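The values are calculated or read from the model by the stated rules, or taken from the named source; none is laboratory data. Owing to the predicted nature of the structure, the values given are computational and were not obtained by experimental measurement. FYI the Cβ positions are ideal-geometry reconstructions off the backbone, even for glycines, and counts take in every protein chain you see. All accessible areas refer to the heavy atoms of the entire protein, side chains included, with ligands and DNA or RNA removed. Shrake-Rupley method; radii C 1.70, N 1.55, O 1.52, S 1.80 Å.
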Amino acid sequence: MRISDLLKGDSVTISFEVFPPKKADGLEAVREATEKIAALSPSYMSVTYGAGGSSSKLTLEIAKNIQERFDVPVIPHFTCVSSTKERAEEEIRLVQEAGIENLMALRGDIPLDGATEHDFPHAVDLIRFIRERSDICIGAACYPEGHVESAHKADDIRYLKEKVDAGADFLVTQMFFDNNIFYNFLYRARDIGITCPIVPGIMPITRAKQLGRSVALSGTNVPERFRAIVDHFGENPDAMKKVGIIYATDQIIDLLANGIRHIHVYSMNKPDVAAAIMENLADIIK
Ligand code: FAD
């Protein structure tokens, strides 16, 4: 099923993101976790792509398993970083052979040493390449607070429009912890003429450590209210998990109340977190 078709409907969609193991020997544990998440019957699931290493091959394997065994539509991710044109051609073929109708086209993070083999400087180049060769539903990334490398939000959103014009069918946002930032971004995106679905990405923070390096590097604003919650409960793992799930649920409820129908949850291979969110929303999204 094409995710863009799912997003056209009036029904609320809740989707989950999972990631492949860094090494092939972690596959069993990840397979088990992703199957538990798939068993919750989310609207669709995305599987991230770790550029380079064995995990890049596992993305498709995990996605295929979810779709075949649980009948949950999937969108594997694919990055420009460490991809040649030949590799991208191969990925399109493998995705289609697996009966998957969606592909998330990303640039990926440039390795710190800058060493990477890739034929596509930006996600837009990969999107164009895929669109010229297939009618796969293409998803792309967007950044309500601006991408970290981008000096000006105006440039970032102009490049975003180019991705949509090149063939992206829908966009998924980077995590944010203040919904007003998302509403403001949505307004700016519509204003520049981006009309495709923009799905907010919600990250439940269930361990204080998560707020550390990766959130700081992504440039995501941590509102005082949330910072105080993490400061207060962060030392107590059970309490932190609970309040992190409640905070994410609260964000989702606010989004739904403001007319946003499609929510993507960064479930980070945690079936218990995904299940708790589904349970919290059960009577709300019926
Ligand atoms: P781009 O759209 O190429 O943008 C990157 C930067 O270049 C931005 O600053 C942008 O403003 C600028 N830019 C864009 N186009 C142009 C242009 N034509 N000329 C000049 N500048 C331009 N990473 C992974 O490695 N694997 C994953 O599976 C993965 N999944 C993700 C899913 C989501 C929903 C999100 C939000 C991010 C994900 N990432 C993933 C991280 C992502 O790869 C990084 O944030 C990366 O730095 C940017 O990727 P992009 O596709 O947004 O790049």
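Of all residues in the stretch 77-110, those satisfying the criterion of being open to solvent by 40 Å² or more (accessible area, probe 1.4 Å) and in contact (Cβ under 8 Å) with a residue 40 or more places away in the chain are 85, 89, 96, 101, 109. Of all residues in the stretch 187-245, which are closer than 30 Å to residue 167 by Cα and more than 16 Å from the ligand (Cβ to nearest atom)? The answer is 187, 190, 191, 193, 195.
Step by step: first the residues of the stretch 50-76, then only those that are touching a Gly at 6+ places or on another chain (Cβ under 8 Å) and among the hydroxyl-bearing types (Ser, Thr, Tyr), then the one that is least open to solvent (accessible area, probe 1.4 Å). Which residue is that? This residue is 59.
The one condition from (1) touching a residue at least 24 places away in the same chain (Cβ under 8 Å); (2) over 16 Å from the mean Cα position of the chain (by Cα) that residue 113 does not meet is (1).
If you take the residues of the stretch 9-27 that are more than 15 Å from residue 270 (Cα to Cα) and without any contact (Cβ under 8 Å) to a residue 60 or more places away in the chain, which of them is surrounded by the fewest Cβ atoms within 10 Å (Cβ to Cβ)?
Here is the first cut: in the stretch 9-27, the residues more than 15 Å from residue 270 (Cα to Cα) are 9-14, 22-25.
Pick out the ones that are also without any contact (Cβ under 8 Å) to a residue 60 or more places away in the chain and you get 9, 22-25.
Details: 9: 11, 22: 13, 23: 11, 24: 14, 25: 9.
The extreme case among them is 25.
Residue count for the stretch 145-184 under the criterion of being open to solvent by less than 40 Å² (accessible area, probe 1.4 Å), within 12 Å of the ligand (Cβ to nearest atom) and within 15 Å of residue 221 (Cβ to Cβ): the result is 5.
Summed over the stretch 234-258, the residues that are in a helix (DSSP H, G or I) and either of a type outside the set (A, V, I, L, M, F, W, C) or touching a Leu at 6+ places or on another chain (Cβ under 6 Å) (or both) give a count of 10.
Checked against the criterion of being of a type in the set (A, V, I, L, M, F, W, C), surrounded by fewer than 24 Cβ atoms within 10 Å (Cβ to Cβ), within 22 Å of residue 109 (Cβ to Cβ) and modelled with pLDDT of 95 or more, the candidates 30, 47 yield just one match: 30.
Just one of the listed residues (231, 156) is free of Cβ contacts under 8 Å to residues at least 24 places away in the same chain, part of a helix (DSSP H, G or I) and touching a Gly at 6+ places or on another chain (Cβ under 7 Å), namely 156.
Considering only residues that are touching a Lys or Arg at 6+ places or on another chain (Cβ under 7 Å) and either part of a loop (DSSP other than H, G, I, E, B) or near the ligand (Cβ under 8 Å from one of its atoms) (or both), which ones fall in the stretch 134-144?
As a first pass, look at the stretch 134-144 and keep what is touching a Lys or Arg at 6+ places or on another chain (Cβ under 7 Å): 137-138, 140.
Result: 140, single match.
Only residues that are in contact with an Asp or Glu (Cβ under 9 Å, 6 or more places away or on another chain) and farther than 18 Å from residue 172 by Cβ: list them for the stretch 55-80, please. Of everything in the stretch 55-80, those that are in contact with an Asp or Glu (Cβ under 9 Å, 6 or more places away or on another chain) and farther than 18 Å from residue 172 by Cβ turn out to be 60, 65, 69, 70.
Of all residues in the stretch 10-40, count the ones that are within 16 Å of the ligand (Cβ to nearest atom) and either over 25 Å from residue 284 (Cβ atoms) or not aliphatic (A, V, I, L, M) (or both). Count: 10.
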